[in-house]
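Here is the structure we will look at.
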Ligand code: SF4
């Protein structure tokens with residue numbers, strides 16, 4: 001399938017997912033809060049991430065306090081998200097880096113940079129990879145970056161939108177080229193919802209899947225995954 005056909009196919013899949021999971025209008029968010037929340041979300045679920053973020057907000061009055069807090073205090077505050085000894089220094093390092101560069105804890109300046117410049121800046125912060133950078137850019141700032149988490153990676157490879165051996169990092173690049181930027185946000189969210197509810201890592205529920213007719217994985221092994 002050539003690039004233009006892939007773009008059409010991704011749009012068709014997007015429309016099917018819209019019918020299944022609904023639309024998700026974008027609204028702006030604080031990029032620093034999005035960055036911290038994304039670090040908290042690593043290797044945990046949304047509920048634990050949100051509990052940790054809430055505790056953070058209750059315990060500290062502002063990002064400066066989070067940046068300067070004794071490490072053990074911050075680890076304790078974000079305990080619900082797990083991996084506190086890894087995530088707490090990562091959060092403080094990111095906040096220190098922002099302070100060094102901007103003299104304040106704000107990422108609003110990213111909106112004034114080109115997409116490539118903004119992404120490069122985020123990637124230069126220790127602990128921020130392509131997914132976190134894309135989440136900050138898309139979710140908080142509405143910039144055309146396409147985040148690829150484990151669900152998006154798995155579902156788009158199974159569908160055949162990207163080759164099955166594509167790395168997560170490379171998937172960002174391929175999907176950004178293929179998918180129309182105006183659908184990045186709802187398409188990303190609906191791929192995650194589909195990955196969580198139907199296209200599980202193990203035993204995907206292909207028999208109940210609305211994307212059967214668009215799925216390379218299903219076409220290759222149509223009976224072995226029906227259940
Ligand atoms: S048909 Fe199966 S493998 Fe393909 S998207 Fe649906 S659940 Fe996933």
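The values are calculated or read from the model by the stated rules, or taken from the named source; none is laboratory data. Here the structure is a predicted model, which means the values were calculated and not measured. Backbone-built Cβ (ideal geometry, glycine too); neighbour counts: all protein chains shown.
Here are a few things to note about the model shown:
- Within region 178-199, residues that are within 12 Å of residue 156 (Cα to Cα) reach partners that are away from the ligand (no atom under 13 Å from the Cβ) and not in a helix (DSSP H, G or I) with beta carbons closer than 7 Å, at six or more positions or on different chains, in the pairs 179/146; 187/179; 188/146; 188/147; 192/149.
- Which listed residue, of 77, 61, 20, is at pLDDT 95 or above and surrounded by 16 or more Cβ atoms within 10 Å (Cβ to Cβ): 77
- Assessment of region 44-53 against the conditions (surrounded by 16 or more Cβ atoms within 10 Å (Cβ to Cβ) and either not in a helix (DSSP H, G or I) or not assigned by TED's automatic domain parsing to the domain that holds residue 92 (or both)) yields at least one matching residue.
- Residue 15 surrounded by 15 or more Cβ atoms within 10 Å (Cβ to Cβ) and either under 23 Å from the mean Cα position of the chain (by Cα) or assigned to a helix (DSSP H, G or I) (or both): no
- Within region 60-75, the set of residues being more than 26 Å from the chain's Cα centre (by Cα) and assigned to a helix (DSSP H, G or I) comprises 65, 68, 71, 72, 73.
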